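The block underneath contains the structure these notes are about, expressed in structure tokens.
The values are calculated or read from the model by the stated rules, or taken from the named source; none is laboratory data. Owing to the predicted nature of the structure, the values given are computational and were not obtained by experimental measurement. Here the Cβ positions follow ideal geometry from the backbone for every residue, glycine too, while neighbour counts run over all protein chains shown. Side chains are part of the model used for accessible areas, which takes the heavy atoms of the whole protein and leaves out ligands, DNA and RNA. Shrake-Rupley method; radii C 1.70, N 1.55, O 1.52, S 1.80 Å.
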Amino acid sequence: MKMKRKASLVLTGLLSVGVLMAGCSSNSATTSAKSDSGNSSTVAVKPLTVGAPNGNWQENFNPFVTNPLYGTMGLIYQPLFIYSTVSQDTYPALGTKYAWTNNNKTLEVTLRSGVKWSDGQPFTADDVLFTFNTLKKYPAADTSGMMKVITSVEKKGTDVVDFNFNERNIPFQEYVLQACIVPEHIWKNLGDPSKVTMTKPIGTGPYELESFTQQVYKLKKNNTFYDKASYKVPEIDFKAFNSNESAQLALVNGQLDWASMFIPDVDKVYASKSSDFHYWFPASSTINLYPNLKNSILKDVNVRKAINMAINRDKIAKQAEYGYVQPLNVTAVQPRDKDFIAPQYQGKQFKQDLSGAEKLLQDAGYKKGSDGIYVSPSGKKLSFTLQVVAGWSDWIQTCMLVAQDLKKIGIDVKVEQPQIGAYQANLQSGKFDLAMGWTNPSATPYRTFKDELTKTGGWNPEGWNDPATEQAFNDYKVTTDPAAQKAAMAKIEDVVVNQAPFMPLFYGETWYEYSTKDYTGWPDKDNSYATPAVFSWPQAAVILSKLKPAGK
């Protein structure tokens, strides 16, 4: 079942940008499964095989860790609701409806009745209270900082839970409603949930753990699930691959039904191999060039705007991203959220302007040296390093193109390629000049931009801290009025366009390849009901609910 988002409410997404791959296979032996009516008849349906180039699996089905095993969130443990980040859809899970009360300071959620944990114990409101109170007791497990915003969680009767806030914060409901709920009778004696290694997960979701090895783990249908008839896939096998090459080979050979990986020339390499092979790369986030605003030169808005003007984004889209990306609006608002773009920026795209960029620098007092590199009024060269993760080939090519463009306007850039761990540490500690990085996908523009542009944001490597920007986000979060939200968003867009706190490069693609040989019902550009990446949990659980055996 699918619920359309109410027009008066704003929902934000929780998903982090991924560069992982996963897929589902249909080449294993046919599985016989009892029909959902419980009678003795059987249906022959092949399991899905999910593969990822992550090396051997490490057994831990813990929804409170940063990167739980695929299926932990959504298939085993469920949230109250699931939100799509590519459409305007909301899917009920353990909750059936919600509403803001108490002058928008209380979020009231009605729970689904008749739900059982996979061990047969009943799911109750006490499990919800236990989950959130445990996060309050152990902040290390509260990675979204929910209990810093929620003052208390209370139950009303048997099937209603109230989340009380100390101030109005409408978009924050996404954190709350999409947090996975765990059973009190299992977790109450486990202590800090962030330190738990869970090998025997008990959840309310449509699947449960069947077996585990480091090479493959299997989930089977949960017979206690309240809506098991909606899930037609009897078994999901998650296989480990040691490299992108081996995973891609399995995909191209038809051994995977569902994958999420970057493939150069996907039409030739993949789609042309079979009429069953398809792909769709919807925009899910914005990939940016982040300046370190602690750098005295990059702190100058004139330098940042000159960099913005010098970049040839069309060339990046065609050469580095193989033409997979959609045209980029100057506000960096996602295509899905085009109604949020202020009138003055509708239809506006970036255009390279090299002469304009140099004039901006010259008017700000920068002088070109004998080596062709501009020097600041204080005598500092416009010479920077640009960090990008080693091995991310399309991003590396993008950075090389950026460096070439900036050289044309007298800015010297050297591309550095640290490993991902060092890269993340450098951005978090401010040890960089420029860096190519991602944003957090969300169900509306609010959270993505809040993460990038506020002092409490979850991904603000540039260090933007501006009272007027903070006020715009405050204006947005206190209201359910769409017009007021758009007015606040217009102020935020003015900051992005006119102050260039970061430089948008392109809309990040959601890598997604799929086969219709054994299963149909996949999301595509004409039916974009959920983010299609297999690593986008819990949204991927929605896709599993839509799949049907081909020909049935």
Checked segment 88-237 against the a/c 1.5 cut and the a/b vs b/c comparison, axes a ≥ b ≥ c from its Cα gyration tensor; verdict prolate
Among beta bridges assigned by DSSP with both residues in the chain, the antiparallel ones amount in percent, to the nearest 5, to 80
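Leaving out ligands and nucleic acids, and using a 1.4 Å probe, what accessible area per residue does the chain come to in Å²? Intermediate results must be reported in sequence, preceding the final value.
Details: 22300 Å² over 552 residues.
That works out to 40 Å² per residue.
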Carbon-plus-sulfur fraction of the accessible area of the chain, 1.4 Å probe, in percent?
-> 48
Using Cα atoms only, what is the angle between the long axis of helix 420-429 and the major principal axis of the chain, expressed in degrees (0 to 90) to the nearest 10?
-> 60
Between Thr66 and Asp371, what is the spin-label point distance in nm, taking each point 7 Å from the Cα along the Cα→C-beta axis?
-> 3.7
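Report the relative contact order of the chain, percent, no decimals, based on alpha-carbon pairs under 8 angstrom and at least 6 residues apart. Present the calculation step by step, with values, prior to reporting the outcome.
Values: 1186 pairs, mean separation 119.9, N = 552.
Contact order relative to length: 22 percent.
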Measure nothing but the geometry: give the 0 to 90° angle between the long axis through the Cα atoms of 393-408 and the longest principal axis through the Cα atoms of the chain, rounded to 10°.
-> 20
Sort 54-67, 121-134 for me by packing, meaning the mean count of neighbouring Cβ atoms within 10 Å per residue, highest on top.
-> 121-134, 54-67
Translational D in µm²/s for segment 273-339 (Stokes-Einstein at 25 °C, 0.890 mPa s, Kirkwood Rh from C-alpha pairs) = 167
Descending packing, highest mean Cβ count within 10 Å first, for 75-83, 295-303, 409-417, 326-334 is 75-83, 326-334, 409-417, 295-303
Segment 501-552: C-alpha gyration tensor shape, a/c 1.5 cut-off, then a/b vs b/c = prolate
To the nearest 20 debye, what is the magnitude of the charge dipole of segment 314-389 about its Cα centre, counting +1 on the Cβ of each Lys and Arg and -1 on the Cβ of each Asp and Glu?
-> 140
Pick out, from Gly430, Ser211, Val495, the residue whose Cα sits farthest towards the positive end of the charge dipole of the chain, with +1 on the Cβ of Lys and Arg and -1 on the Cβ of Asp and Glu.
-> Val495
Ordering 445-457, 530-542, 422-434 by per-residue average of other C-beta atoms within 10 angstrom, highest first, gives 530-542, 445-457, 422-434
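Between Asp159 and Lys351, what FRET efficiency follows from the Cβ-Cβ distance if R0 is 51 Å, with the result rounded to 0.05?
0.40
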To the nearest 10 degrees, how steeply does helix 354-363 sit against the main Cα axis of the chain, on a 0 to 90 scale?
-> 60
Cα centroids of segment 191-213 and segment 378-443: how far apart, whole angstrom?
-> 39
With respect to the cross-link table entries Lys97/Lys477; Lys305/Lys348; Lys381/Lys407; Lys97/Lys155; Lys450/Lys525, which display a Cα-Cα separation exceeding 18 Å?
-> Lys97/Lys477; Lys450/Lys525
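For the chain, with only Lys/Arg (+1) and Asp/Glu (-1) charged at the beta-carbon, what is the dipole magnitude about the Cα centre, in debye rounded to 20?
Working: 58 positive and 53 negative charges, 60 e Å.
In total the dipole reaches around 280 debye.
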